[in-house]
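Quick one: structure below, then a few questions.
Only the coordinates and a few stated rules stand behind these numbers; no lab work does. From a predicted model like this one, the values you see are computed outputs, not experimental measurements. Note: ideal-geometry Cβ built from the backbone for every residue, glycine included; neighbour counts use all protein chains shown.
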Amino acid sequence: MPVTVVVPSVLAEVSAGKTEFELPDGSVRSVREALDAVARNYPLLGRRLRNERGELRRHVNVYVGGEDVRRGDGLSTVVEAGQEVLVIQSIAGG
């Protein structure tokens, strides 16, 4: 089963209109590898998600299995076949 990376529709402008990316079974083992795989084909999307040091941008939240990766192993969070990597941008208001 593939791993699916889902990004918000607001980022579709930098990913050729796509918001879901299926990564072949066994091709990724962590959130970092999943984001790297997507960024290879959509480098602008990759830059919107991570900074120059490769860390998640402050306003980007990533969930695997319903859990915020920042509360666990971060980009090293294990991703298993069939799981979804959900990317959500924080919204600030005032």
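Just grab the label-to-label distance for SER90 and ASN51, each label 7 Å out from Cα along the Cβ direction, in nm (one decimal).
About 1.2 nm separates the two model spin labels.
In angstroms, what radius of gyration and Dmax does region 3-89 have, counting Cα atoms only?
That works out to 11.5, 31 Å for Rg and Dmax.
Which order do peptides 13-19, 62-68 fall in by mean Cβ count within 10 Å, highest first?
Ranked by mean Cβ neighbours within 10 Å, highest first: 62-68, 13-19.
Still on this structure, please answer the following. Under 5 Å between amide hydrogens, which residues at least 5 positions from VAL60 or on another chain qualify, with H placed 1.01 Å from N in the peptide plane?
Those lying under 5 Å, H to H, from VAL60 are SER90.
Follow-up question, since we're still on this one. Per DSSP H run of n ≥ 4, the term is -39500 (n - 2.57); total these for the chain, divide by its residue number, and report the mean residue ellipticity at 222 nm rounded to 500 deg cm²/dmol.
-5500 deg cm²/dmol
For a quick check: with amide H placed at 1.01 Å from N, whose amide H comes under 5 Å from VAL85's, ignoring anything fewer than 5 positions away on the same chain?
The answer is THR4, VAL5, VAL6.
Compute, for region 3-89, the length of the dipole vector about the Cα centre, with Cβ point charges of +1 (Lys, Arg) and -1 (Asp, Glu) only. Units Debye, rounded to 20.
Here region 3-89 has a charge dipole of around 440 debye.
Residue farthest toward the positive end of the dipole of the chain, with Cβ of Lys/Arg at +1 and Asp/Glu at -1: which of GLY17, VAL60, VAL6?
Of the candidates, VAL60 comes out farthest on the positive side.
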